[in-house]
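Enquirer: Just passing along the structure, written as structure tokens.
The values are calculated or read from the model by the stated rules, or taken from the named source; none is laboratory data. Just so we're clear, the structure is a prediction, and the values are computed from it rather than from any experiment. Cβ placement follows ideal geometry from the backbone for every residue including glycine, while neighbour counts extend to all protein chains displayed.
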């Protein structure tokens, strides 16, 4: 029996947007003992799917394609930031998104559609509430990170057009330094 795949549906910023953010963070990274996300893995998770059986993959792609096709492209930029669960005891430092009302609505509906597509396919979806963010760093133990959040509050990257979502397989332990290796399985256009 083929083991289930660990996957997620994501909005992936274009290389230029990620490079701009990376250039901003690079001279500052050494100031903190964080596990920084690799630039090629920066994304907004719309739906996390811990176990996708191979037999469900075609139907999942079809349903995700329909869900993305019902939305319209929107402008977005990486801006601001925060920490989970909070700045006083952070485990994750993240960057936010700057969206107008149309973009916020479309992004929320993309996440809802991706989760519904997986559920209707028979795939369990992580039940946490959708909060649009890009994970920048993980901390080995909780720490106070208000200076990092203030730094990110002053960041605003270039505007880009969100025109597709990606279905990504996450292969645990196969990336550099034992991190996950991400593989884009399918890209689906937003809008018709």
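Enquirer: Would you point out which residue out of 79, 83 is under 25 Å from residue 189 (Cα atoms) and either touching a strand residue (DSSP E or B) at 6+ places or on another chain (Cβ under 7 Å) or surrounded by 14 or more Cβ atoms within 10 Å (Cβ to Cβ) (or both)? It would help to see each step written out before you state the result.
Expert: Numbers: 83 fails: under 25 Å from residue 189 (Cα atoms).
Selected residue: 79, the only one of 79, 83 that is under 25 Å from residue 189 (Cα atoms) and either touching a strand residue (DSSP E or B) at 6+ places or on another chain (Cβ under 7 Å) or surrounded by 14 or more Cβ atoms within 10 Å (Cβ to Cβ) (or both).
Enquirer: Another question, then. Tell me yes or no: at least one residue of region 13-21 is surrounded by 15 or more Cβ atoms within 10 Å (Cβ to Cβ), modelled with pLDDT of 95 or more and not in a helix (DSSP H, G or I).
Expert: Yes: one or more hits.
Enquirer: Can we say residue 6 is within 27 Å of residue 148 (Cα to Cα), in contact with a strand residue (DSSP E or B) (Cβ under 7 Å, 6 or more places away or on another chain), surrounded by fewer than 17 Cβ atoms within 10 Å (Cβ to Cβ) and at pLDDT below 95? Walk me through it before giving the result.
Expert: Details: within 27 Å of residue 148 (Cα to Cα): no; in contact with a strand residue (DSSP E or B) (Cβ under 7 Å, 6 or more places away or on another chain): yes; surrounded by fewer than 17 Cβ atoms within 10 Å (Cβ to Cβ): yes; at pLDDT below 95: yes.
Here the answer is no, as residue 6 does not meet what is asked.
Enquirer: If I filter region 58-65 for residues that are under 22 Å from residue 103 (Cα atoms) and in contact with a strand residue (DSSP E or B) (Cβ under 8 Å, 6 or more places away or on another chain), do I get at least one hit? Spell out how you get there, then give the answer.
Expert: Taking region 58-65 as the starting set, the residues that turn out to be under 22 Å from residue 103 (Cα atoms) are 63-65.
Right, trim to in contact with a strand residue (DSSP E or B) (Cβ under 8 Å, 6 or more places away or on another chain) and you get 64-65.
Yes - at least one qualifying residue is present in region 58-65.
Enquirer: Report whether or not residue 90 is in contact with a strand residue (DSSP E or B) (Cβ under 8 Å, 6 or more places away or on another chain), surrounded by 20 or more Cβ atoms within 10 Å (Cβ to Cβ) and more than 23 Å from residue 182 (Cβ to Cβ). Lay out the reasoning, then the answer.
Expert: Values: in contact with a strand residue (DSSP E or B) (Cβ under 8 Å, 6 or more places away or on another chain): yes; surrounded by 20 or more Cβ atoms within 10 Å (Cβ to Cβ): yes; more than 23 Å from residue 182 (Cβ to Cβ): yes.
For residue 90, the condition - in contact with a strand residue (DSSP E or B) (Cβ under 8 Å, 6 or more places away or on another chain), surrounded by 20 or more Cβ atoms within 10 Å (Cβ to Cβ) and more than 23 Å from residue 182 (Cβ to Cβ) - is met.
Enquirer: Regarding residue 69, is this residue in contact (Cβ under 8 Å) with a residue 40 or more places away in the chain and closer than 14 Å to residue 132 by Cβ?
Expert: Numbers: in contact (Cβ under 8 Å) with a residue 40 or more places away in the chain: yes; closer than 14 Å to residue 132 by Cβ: no.
Spelling it out, it is not the case that residue 69 is in contact (Cβ under 8 Å) with a residue 40 or more places away in the chain and closer than 14 Å to residue 132 by Cβ.
Enquirer: Can you tell me which residue in region 36-64 is farthest from the chain's Cα centre (by Cα), limited to those that are buried (at least 17 other Cβ atoms within 10 Å of the Cβ) and in a helix (DSSP H, G or I)?
Expert: 56
Enquirer: Against the definition (surrounded by fewer than 14 Cβ atoms within 10 Å (Cβ to Cβ) and under 23 Å from residue 91 (Cα atoms)), how does residue 33 come out, yes or no?
Expert: Values: surrounded by fewer than 14 Cβ atoms within 10 Å (Cβ to Cβ): yes; under 23 Å from residue 91 (Cα atoms): yes.
Judged against the criteria, residue 33 is a match.
Enquirer: Pick out the one residue from 191, 140, 173, 154 that is surrounded by fewer than 17 Cβ atoms within 10 Å (Cβ to Cβ) and more than 22 Å from residue 37 (Cα to Cα).
Expert: The match here is 191.
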